[in-house]
Amino acid sequence: MVRSGTAFAFGALLAAGHLTQASYLLQETYDATNFFSSFDFFNGSDPTNGFVQYQSAAGAAANLLAGYSSDQVYLGVDYKTQNPTAGRDSVRVTSKQAFNKGLFIADITHMPVGCGVWPAFWFFGPNWPSSGEIDVIEGVNSQQTNAVTLHTSSGCTMSSTGSLASTSALSSDGDCNAGNGNLGCSSSTTDTSNYGAGFNAIGGGVYAMEWTTSAISVWFFPRGSAECDALSGQNGTSLTNSTTPTNGITPANVTVSATNSSSSGVDPSAWGTPLVTFVGGSTCDIESHFANQNMVFNIALCGDWAGEVFSQDATCSALASTCDEYVAANPSAFEDAYWLINSVKVYEDVATGSATRRARTVRRFSS
């Protein structure tokens, strides 16, 4: 997540011949058995200047903003308080583990939507932007398709050779330090099923992100596709889509069923062309620009992106004169502003031992 909006992609350019074939073995699974013991809650001031109050673990649990719904992880926004003066309550969680390369597979049933909402699933390293940022899912307001963005320090220009033909060329001519890293290099998608209301209408799907020394890429597999079923461990399309957590954030008596765990190994070369891929090469040394990345799920409100472009959004600007005004006065509008996560799986490259983990890293609170 970034100050002026981002969304990133991971990758293997196997189809385009940029990478050698890689096979991955499962190293970590975050789901309803361990999610909240594996992530920290950030409850400081919003670095993106939003109309939001991020809650501690205790606060989020007490107000039912975080918890387990059946065997899924729920992260949401307060949709009951009328006219909060300092911002609407929400959540931002950061993984305790940091990673260096690997394959990350997120099975998500529902994502936050609505005017004033700025959801993101992203990765970042310490001393931003020196260790890079990868925005996998991100958008604002009534946006209908995903944008995928990288942010780096100077000296990193990427190409998008090998991306899906319908995905836009990289912004900023591929300079991932554009705007001193705030803008980064971004590629917009065109499929309305991979983001927002369209994503939720089909029960979500799987985002697969690969980070190697050669490229960073992302694939999306919609719910019900063969790839989604295989990677998620869910055979079929019928999944709970509840809006209220019932089990708090202590995973007592939670059992997660999986009929197709994909724990025996995953090979991205079978997946076809990535949705977006960022190729490094001679113009960007990926290893020196991306390191020790922590995983983040958050739901920002208004602020430096959603708030700045609120008046330019025909749907949202018709509802209120400013983003802050709308968010404060319309609590019920945020009942649909939640993540519902089946699992996030982390895989290690068998050959190189990528997805190297650190016990912890210093979290960046500036984006």
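Assorted remarks:
- Among (1) modelled with pLDDT under 95; (2) out of contact with any Gly (no Cβ under 7 Å at 6 or more places or on another chain) - the single one G44 does not satisfy: (1)
- One residue stands out among those in the range 101-141 that are aliphatic (A, V, I, L, M) and farther than 21 Å from T277 by Cβ: the one that is surrounded by the fewest Cβ atoms within 10 Å (Cβ to Cβ), which is V113.
- A32 at pLDDT 60 or above, surrounded by 21 or more Cβ atoms within 10 Å (Cβ to Cβ) and touching a Gly at 6+ places or on another chain (Cβ under 9 Å): no
- Pairs with Cβ under 6 Å, 6+ apart, first in the range 130-155 and at positive phi, second of a type outside the set (F, W, Y): G132/G125; G132/T152; G132/H289; N141/C115; N141/A306; N141/D313; N141/C316
- Exclusive hit being farther than 12 Å from T277 by Cβ and crowded, with 24+ Cβ neighbours inside 10 Å, set T189, T213: T189
- A Cβ distance below 6 Å, combined with a sequence gap of six or more or placement on separate chains, defines the contacts here; from the range 177-193, residues that are without any contact (Cβ under 8 Å) to a residue 40 or more places away in the chain reach residues that are part of a strand (DSSP E or B) in the pairs S193/P222.
- Within the range 300-337, being more than 23 Å from the chain's Cα centre (by Cα) and outside any helix (DSSP H, G or I) holds for A318, L319, A320, S321, T322, N330.
- Subset of the range 160-186 that is surrounded by 19 or more Cβ atoms within 10 Å (Cβ to Cβ) and hydroxyl-bearing (S, T, Y) - its residue that is farthest from D285 (Cα to Cα): T167
- S288, sole failed condition from (1) part of a helix (DSSP H, G or I); (2) crowded, with 18+ Cβ neighbours inside 10 Å: (2)
The values are calculated or read from the model by the stated rules, or taken from the named source; none is laboratory data. Being a predicted model, the structure only gives us computed values, none of them experimental. Virtual Cβ from ideal backbone geometry, glycine too; neighbours counted across all protein chains shown.
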